[in-house]
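Structure first, then comments.
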Amino acid sequence: MIYLDYAATTPLSESAVNAFVQTSKMYFQNTESLHEGGQAARDLLEHARCSLAELLNKESEGIYFTGGGSDGNFLAITSLANGANYKGKHIISSNVEHPSIDYVLRFLEESGYEITRIPIQKNGKISIHTLLSSIRPDTILVTIQHVNSETGIVQDIKEIGEHLKNRGVLFHSDCVQSFGKWEKNYFHSLNIDAFTMSAHKINGPKGTGAVYVSPSIHIAPLLSEVTHERGFRAGTVDLPSIVAFITAAEEAFHLQQDRYLHAIDMRKQLKSSILKDRNIIFEDNDDSSPFIIPIRAKGMEGQIVMQELDRLKIAVSTGSACKNGQQAPSKTLLAIGRTESEAHELVRISTSHQTTSAEIALLGKALIEITNTFRSVSEVITR
């Protein structure tokens with residue numbers, strides 16, 4: 001099987017596996033237990049927290065470990081909103097956020113908050129002017145993703161953060177698709193109050209992630225009297241997964257530049273291999289994340305293309321893994337002006353440092369064969 005769905009999840013690295021196993025054997029105790037074993041586990045947890053903070057050049061007291069990206073988005077946004085709701089209950093987001101952001105915003109709407117979802121432009125970018133003009137006296141929070149999980153289009157969260165800081169509005173970003181893939185100093189340079197990370201996108205374990213929240217910000221988690229993660233999250237901390245996560249993160253940042261350049265090369269190779277096929281359309285920008293390559297085969301449902309590739313032992317997806325089962329048209333493509341039928345054509349190819357040139361060549365050949373077969377059948381039917 002040729003795996004090209006790394007934006008959905010990645011395999012555990014050997015170093016992460018080893019870290020998980022060793023921690024499970026030696027530090028299985030509850031980090032909240034007061035005996036010697038529990039205190040040793042707690043010391044390791046705090047060491048992991050400091051290690052992640054050092055990678056990001058952020059304060060360790062701002063790091064909270066979570067159950068992954070979706071869990072982190074929910075905890076961060078609700079805690080930020082509840083901590084600032086004495087100022088107002090207006091939140092701004094975009095109309096192309098990850099499903100986990102949509103879920104938490106709907107939850108907050110049902111709790112009395114008002115949400116403004118600003119549209120993206122035809123290039124997939126947020127209009128800074130539209131964003132700033134949407135701010136009201138009761139606006140307390142803006143949440144805008146960094147990298148779109150369907151198309152890889154990148155929002156300029158650095159510029160957004162600078163404007164929001166001047167306006168006194170809190171800023172959260174879902175950085176699940178960029179953490180470990182952008183150089184680490186990028187996150188340190190952001191004017192951002194909170195951002196979300198996930199382990200399984202960078203060869204760490206599933207069900208683990210982290211949120212950074214600036215220690216200067218007042219937060220109010222939904223659950224009170226919670227003991228774990230300084231009251232941010234309930235439940236026994238999964239220390240083996242956290243240590244494996246940090247191990248994967250350290251490796252990802254250490255090799256970030258090489259992996260990023262490799263992804264650029266894989267994208268170039270794919271585009272050059274199918275450039276002559278005018279029925280295949282690329283839906284990314286020049287500055288999109290090179291790890292995510294969105295395409296459309298004219299007239300073909302994305303699910304059909306995906307199934308044909310799967311039959312050839314090539315794994316891709318039709319969009320965000322959190323919503324794939326519903327087979328709805330891509331909301332990102334709809335938002336940039338594609339028709340509903342065109343939005344149904346989305347196929348998401350996502351690569352990693354493990355992707356090879358041979359795999360890309362086979363994918364390009366398979367895509368051309370699939371589209372040629374489709375056109376031949378269509379011509380016969382229409383005669």
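Details
- Scanning the stretch 217-238 for residues that are assigned to a loop (DSSP other than H, G, I, E, B) and open to solvent by less than 60 Å² (accessible area, probe 1.4 Å) gives Ile217, Ile219, Ala220, Pro221, Val226, Phe232, Ala234, Gly235, Val237.
- Evaluation of His188 against (1) more than 24 Å from Ala53 (Cβ to Cβ); (2) touching a residue at least 40 places away in the same chain (Cβ under 8 Å); (3) of a type outside the set (Ser, Thr, Tyr) (one fails), failing number: (1)
- All positions within the stretch 284-299 that are open to solvent by less than 10 Å² (accessible area, probe 1.4 Å) and either in a loop (DSSP other than H, G, I, E, B) or closer than 8 Å to Gly152 by Cβ (or both): Ser288, Ser289, Pro290, Ile292, Ile293, Pro294
- Filtered residue count, the stretch 244-275, keeping only those that are out of contact with any strand residue (DSSP E or B) (no Cβ under 7 Å at 6 or more places or on another chain), open to solvent by 30 Å² or more (accessible area, probe 1.4 Å) and part of a helix (DSSP H, G or I): 16
- Residue check for Leu55: within 19 Å of the chain's Cα centre (by Cα), of a type outside the set (Val, Ile, Thr) and open to solvent by 10 Å² or more (accessible area, probe 1.4 Å): yes
- In a residue-by-residue description of the stretch 318-339, the property of being outside any loop (DSSP other than H, G, I, E, B), surrounded by 23 or more Cβ atoms within 10 Å (Cβ to Cβ) and in contact with a Lys or Arg (Cβ under 7 Å, 6 or more places away or on another chain) applies to no position.
- Selection over the stretch 190-201 of residues that are within 20 Å of Arg259 (Cβ to Cβ) and surrounded by fewer than 24 Cβ atoms within 10 Å (Cβ to Cβ) gives a count of 1.
- Scan of the stretch 156-197 for residues that are in a strand (DSSP E or B) and either more than 18 Å from Val104 (Cβ to Cβ) or β-branched (Val, Ile, Thr) (or both), ordered by number: Thr196
- The single condition from (1) open to solvent by less than 50 Å² (accessible area, probe 1.4 Å); (2) closer than 24 Å to His254 by Cα; (3) at pLDDT below 95 that Glu183 fails is (1).
- Test: residue in the stretch 65-80 that is in contact with a Leu (Cβ under 9 Å, 6 or more places away or on another chain), over 19 Å from Ser198 (Cβ atoms) and either open to solvent by 10 Å² or more (accessible area, probe 1.4 Å) or charged (D, E, K, R) (or both): no
- Boolean, Ile140 is on the phi < 0 side of the Ramachandran plot, open to solvent by 30 Å² or more (accessible area, probe 1.4 Å) and hydrophobic (A, V, I, L, M, F, W, C): no
- Scanning the stretch 81-129 for residues that are closer than 19 Å to Asn285 by Cβ and among the charged types (D, E, K, R) yields Glu97, Lys122, Lys125.
- Counting only residues that are open to solvent by 20 Å² or more (accessible area, probe 1.4 Å) and touching a His at 6+ places or on another chain (Cβ under 9 Å), the stretch 94-114 holds 1 of them.
- Filtered residue count, the stretch 106-137, keeping only those that are among the basic types (Lys, Arg) and in a loop (DSSP other than H, G, I, E, B): 3
- The listed residues are Ser173, Ser241, Ser214, and the only one of them that is within 16 Å of the chain's Cα centre (by Cα), among the polar types (S, T, N, Q) and either crowded, with 22+ Cβ neighbours inside 10 Å or under 26 Å from Ile144 (Cβ atoms) (or both) turns out to be Ser173.
- Residue in the stretch 162-169 that is modelled with pLDDT of 95 or more and open to solvent by less than 20 Å² (accessible area, probe 1.4 Å) present: yes
- Just one of the numbered conditions (1) of a type outside the set (Asp, Glu); (2) touching a Pro at 6+ places or on another chain (Cβ under 7 Å); (3) without any contact (Cβ under 8 Å) to a residue 24 or more places away in the chain is not true of His254: (2).
- Consider the stretch 1-39 and keep the residues that are modelled with pLDDT under 95 and open to solvent by less than 40 Å² (accessible area, probe 1.4 Å). The one that is nearest to the chain's Cα centre (by Cα) is Thr31.
- Test: residue in the stretch 98-105 that is on the phi < 0 side of the Ramachandran plot and either acidic (Asp, Glu) or not in a helix (DSSP H, G or I) (or both): yes
The values are calculated or read from the model by the stated rules, or taken from the named source; none is laboratory data. Computed from a prediction, not measured in an experiment: that's the story for all the values here. Note that each Cβ is placed from the backbone with ideal geometry, even for glycine, and that neighbours are counted across all protein chains shown. When the accessible area is computed, the model is the full protein with side chains, heavy atoms only, and any ligands, DNA or RNA have been set aside. Shrake-Rupley method; radii C 1.70, N 1.55, O 1.52, S 1.80 Å.
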